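> Quick one: this structure, given as structure tokens, is what I'll be asking you about.
The values are calculated or read from the model by the stated rules, or taken from the named source; none is laboratory data. These numbers were taken from a predicted model, which means no experiment stands behind them. Cβ placement follows ideal geometry from the backbone for every residue including glycine, while neighbour counts extend to all protein chains displayed. Just so you know, the surface numbers come from the protein's heavy atoms only, side chains and all, with ligands and any DNA or RNA stripped out. Shrake-Rupley method; radii C 1.70, N 1.55, O 1.52, S 1.80 Å.
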Amino acid sequence: MSTKDVDLSAVSPMMQHYLATKEEYPDCILFYRLGDFYEMFFEDAQTVSRELELTLTGKACGLPERAPMCGVPFHAVDVYVSRLVDKGYRVAICEQVEDPKEAKGIVKREVTRIITPGTNTNMEDLDETRNNYLMSISYVAECIGISVADVSTGDYYLTEVNSVPKLMDEIIKYSPSEIICNDAFLVSGIDLEDLRGRLHIVVNRLEAHYFDEDSAKKILMKHFHVVALSGLGIEDFANGMTAAGALLKYLYDTQKSDLANLTHIYPYLTSKYMLIDSATRRNLELSETLREKQKRGSLLWVLDKTKTAMGGRMLRSFIEQPLLEKALIEERLDAVEELCSDSISRDELREYMAPIYDLERLLCKIAYRSANPRDLLALRNSFEMLGPIRMVLQEFHSKLLQEICSAIDPLTDLFDLIRNAINEDAPLLIHDGGIINDGYDADIDLLRSAKTDGKTWLAELEEQDRERTGIKNLKVKYNKVFGYYFEVTNSFKDLVPEDYIRKQTLVGAERFTTPQLKELEDKILNAEDKLSTLEYDRFCEIRDTIYAQMERIQKTAKAVAQLDVFCSLSLVAERNHYVRPALNEKGVIDIKDGRHPVVEQMIDHDLFITNDTYLDSNNHLISIITGPNMAGKSTYMRQAALIVLMAQLGSFVPARSANIGVVDRIFTRVGASDDLASGQSTFMVEMNEVANILRNATANSLLILDEIGRGTSTFDGLSIAWAVIEHIANRKLLGAKTLFATHYHELTELEGKIKNVQNYCIAVREKGDDIVFLRKIIRGGADKSYGIQVAKLAGVPDMVIDRAKEIVSQLADNDVIEKVQSIAAEHSDVAAKKQPKFDEVDLQQMSFFDTVKDEDIVKELEEIELSTMTPLDAMNTLYRLQNKLKNRWKG
């Protein structure tokens, strides 16, 4: 049965209100509060029953059939809501907004909040080490506005980009739970199914009025209490401002609150940070491992020794957004170095930070008026640590540590307030009483005294009537239905006096009241009700006082998070024997005895083999690295990339020394796997990534290329790898510093032919038919692949190994290498003289080009269907025909 089929006139008033509310929020599952339960009806009940495996029942509401219904207890609602939100549903919470005792007719109810994946603030459901971002995208072809916010922490940013690839970089960087967008984004060419499926992002299109520029401007100025956008520093971000305004309006519509914890909005330029695309984040395993998707084994796992949830989140952002400005990086390194130089004070700071709770997310609960007494005690315990932290910090002199010290507010006034007001043993629920300390409020003390004296009065009355009646086991008891009463067992029933008024008969006893007991009951119960109400009121006043100081606490929380990150980086540097990197802007990367920060942690007894890396923008632009599989080529290249990234995030690095030229991007093409979901083969995935790198890299980028071209035939792969190296080496085309690992040993011929290419290989020691990997990078190219030896190490049967040796000796008789060397001779200076490039059959069929005739080329041109060709197909065809002509003339 659907809500659309229901005749409103036939159902009860409560169900009429439910249906009217559901009509307002058709895209949400409506949790409708009835007493101690949240109930769902009709199709919502069926959905929730199916998704959460709850019992589906029915409710009579005036219809011929019972309305489908399921429910959850109010005290456990967060768990059920979070499970639905994790599955991508939107949940509307419809609360009772008046006291049922005072209601005339049905209790007034209204939707108090809509919970979506990007607006979930339940601390138990969220990962404390990562932000839960909501992203807003105002897509305009020339300039794309982006805004992100984490409503659980108060973080709020905006920026602009000018292309879809850069937009995807921002999406990957923030990894939002939810994207809200305008219509244009849906037809931007971004794979929405990939966002929803692989990245688990819910994408919601909003109506056009959300992205109206004037409306966005007004809502931002009203929220931040400014008269012009210049007061926020966002006047130069027109589309970013529109996206931010749409996001803020969406939050107002869903959260039904004043969003007081969004105290600042921070504009930023993407050009201030190193851009890291999804392939690089994945291949370098920055925050999770490639296969298991676990933190252990990632760079974050190595560097994260933070003591607070806020510090953990900030460290993750440092790793995901390395800096580009040398001066800012040096400031971070100064802070880490000073903490390393005074490890005793650093460890003392870490000890003080350990008890600090997640202030940012506790403030969210304060802003939503959902903080309970235990949350306030957590704030008190956190505030208690701020003074000692500030005292220790005053001994430090580096710029950032001094700024952190100044930014930390001891918050002694709020600490004293909570300490004086909130009972150490306060209950979790704010209506249970026992929240406020004795001596804080005179009225509460008076009512509490009456409550205590009332128990004495009851005890005296019980003793008095026991003597008067002779009923030895007479007791005064209480329950919520009957209040206070005398309970008399059947064995003493004959002794009950006439002034006892029967209230209830049980199997083995009877319950009575008396005028005197009724009088005491009225006094005691009224005192309890008044006390509970007054304690609740005082608690709300204290909570509102803290709410009014939101900005002070947020500023302090950010400072503590930053300090926590620097202490973590310092501790890791000390434990793992890292060194401070020198920075340069000349494009030189010079690493001595570098180590892979993660792999060395997985190896016992310091057995990791160190290696040097040297790249510059002149004669050492490209390093071609050869050697067998399993020898350590990929580890070496990732190691160099991670050391550069660590230096630019402000960390010390695993090396004997490091001089790092700041790079604007790190690109990686490592490994191979089919993308079956999108129907792409290993080779197509590889070529897509190579195309992305060649299109978007700059002369200031660092490229890590592993086994380019191995997904296709040998000659095709060799040709592509060759051409890629030529393209990168040409400074007019790219000129990016590159580590290029390959099994195509023919590529080593490029050293000396292209002046900025150098050969390196992994040292291997042979013992008969066996090999030992020495893991050391040395100058020169490898003379063979050792593939058969590696196969033997892997346990391939001996008969297969023997047959492979026979076949390889036969293939070795071919003159392929001689042909390659003759080609290389023609490429002595690629930058100075453009050489013809061979198509996919050139290397195999060079001797046959002299048979090509003019008529064949003319005939092929006549038969081409231009209307069905893509621009790329047309260029490739023209290129191939041109090569035929050139080679015919050469012949």
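> Which whole-Hz ³J(HN,Hα) couplings does region 226-235 yield from phi under the Karplus relation 6.51 cos²θ - 1.76 cosθ + 1.60, θ = phi - 60°, glycine and proline marked x?
10, 9, 8, 5, 4, x, 9, x, 10, 5
> Once a ≥ b ≥ c are taken as the square roots of the eigenvalues of the Cα gyration tensor of region 26-107, is the result rounded (a/c under 1.5), prolate (a/b larger than b/c) or oblate (a/b not larger than b/c)? Don't jump to the answer; show the numbers that get you there.
Numbers: a/c = 1.97, a/b = 1.23, b/c = 1.59.
Oblate is the answer for region 26-107, as a/c is 1.5 or above yet b/c matches or exceeds a/b.
> Another one. Taking only C-alpha pairs under 8 Å that are 6+ residues apart, what is the relative contact order of region 256-316 in percent? Walk me through the numbers on the way to the answer.
On the way: 34 pairs, mean separation 10.4, N = 61.
Relative contact order, region 256-316: 17 percent.
> Hey, another quick one. Taking H placed 1.01 Å from N in the peptide plane, check which residues at least 5 places from N437 or on another chain put their amide H under 5 Å from its amide H.
Close amide H contacts, sequence-distant or interchain: I422, N423.
> Hey, with R₀ at 35 Å, roughly what FRET efficiency would T533 and Q394 work out to, going by the Cβ-Cβ distance, to 0.05?
Details: r = 46 Å, r/R0 = 1.31.
Once rounded, the FRET efficiency stands at 0.15.
> Something else about it: Looking at region 184-247, which trypsin sites (Lys or Arg not before Pro) are in a loop (DSSP not H, G, I, E or B) and have at most 15 other Cβ atoms within 10 Å?
R198
> In the chain, with Lys and Arg counted as +1 and Asp and Glu as -1 at Cβ, which of these residues, N372, V663, P355, has the Cα nearest the positive end of the dipole, that is, farthest along it?
Among N372, V663, P355, the one farthest towards the positive end of the dipole of the chain is V663.
> Where the centroid of each part is defined by its Cα atoms, how far is region 446-463 from region 160-190 in Å?
For region 446-463 versus region 160-190, the Cα centre distance is 66 Å.
> Within region 211-298, which GluC sites (Glu not before Pro) sit in a loop by DSSP and count at most 15 neighbouring Cβ atoms inside 10 Å?
E235, E292
> Would you tally the net charge around L506, using a Cβ to Cβ cut-off of less than 14 Å, leaving L506 out, and scoring K and R as +1, D and E as -1?
Its environment carries a net charge of +4.
> How much accessible area per residue does the chain have, counting only protein heavy atoms and a probe of 1.4 Å, in square angstrom? Display every interim value, and only then the final one.
Values: 42040 Å² over 891 residues.
Result: 47 Å² of accessible area for each residue.
> Excluding P497 itself, calculate the net charge of residues whose Cβ lies under 9 Å from the Cβ of P497, where each Lys or Arg counts +1 and each Asp or Glu counts -1.
Neighbour charge sum, excluding P497 itself: -2.
> 5 Å is the cut-off here: which amide hydrogens, built 1.01 Å from N in the peptide plane, fall below it relative to D155, excluding neighbours closer than 5 in sequence?
D150
> If you don't mind, there's one more thing I want to ask. For the chain, list the DSSP H helices whose alpha carbon atoms reach 18 Å or more along the long axis and whose average Kyte-Doolittle value is 0.5 or above?
633-649, 714-729
> Next question, about the same structure. Among Y157, T533, I609, whose Cα projects farthest towards the positive end of the dipole of the chain, with charges put on the beta-carbon of Lys, Arg (+1) and Asp, Glu (-1)?
Looking along the dipole axis, the top candidate is I609.
> Gap in Å between the Cα centre of region 630-673 and the Cα centre of region 323-351?
Result: 21 Å between the Cα centres.
> Probe 1.4 Å, all protein chains in place: accessible area of F37 in Å², nearest 10?
Estimated to the nearest 10 Å², F37 gives 90 Å².
> If you don't mind, another one. Which of the aspartates and glutamates could a cross-linker span from K295 if the Cα-Cα distance has to be under 17 Å and same-chain partners fewer than 8 positions apart are dropped?
D127, E128, E285, D304, E320, E600
> May I ask for the distance between the Cα centers of region 556-586 and region 364-401, given as a whole number of Å?
Centre-to-centre distance over Cα atoms comes out at 21 Å.
> Top to bottom by accessible area (1.4 Å), largest first, where do K451, K101 land?
Numbers: K451 65, K101 180 Å².
Per-residue accessible area, sorted high to low, gives K101, K451.
> Turning to a different aspect of this structure: About its Cα centre, what dipole magnitude does the chain give when the only charges are +1 on Lys and Arg Cβ and -1 on Asp and Glu Cβ, stated in debye to the nearest 20?
Using Cβ point charges on Lys, Arg, Asp and Glu, the chain gives about 1100 debye.
> Which Cα, out of I430, Y440, G454, lies furthest along the positive dipole direction of region 410-455 (beta carbon charges, K/R +1, D/E -1)?
G454
> Still on this model: Using alpha-carbon pairs under 8 Å, 6+ residues apart, how would you state the relative contact order of region 303-414 in percent?
Reported relative contact order: 29 percent.
> Moving on to the next point. List, in the order given, every pair from K305/K592; K755/K805; K87/K173; K108/K477; K87/K558; K108/K249 whose Cα-Cα distance in the structure shown is over 29 Å. Don't jump to the answer; show the numbers that get you there.
Working: K305/K592 26 Å; K755/K805 36 Å; K87/K173 22 Å; K108/K477 35 Å; K87/K558 31 Å; K108/K249 26 Å.
In this structure, K755/K805; K108/K477; K87/K558 lie more than 29 Å apart at Cα.
> Only helical DSSP H runs with n ≥ 4 go in: add -39500 (n - 2.57) per run for the chain, normalise by residue count and round the 222 nm mean residue ellipticity to 500 deg cm²/dmol.
Result for the chain, helices only: -14000 deg cm²/dmol.
> Defining a contact as two alpha carbons under 8 Å apart and six or more residues distant in sequence, what relative contact order in percent does the chain show?
Values: 1499 pairs, mean separation 74.9, N = 891.
Relative contact order for the chain comes out at 8 percent.
> In the chain, carbon and sulfur make up what percent of the accessible area (probe 1.4 Å)?
50 percent
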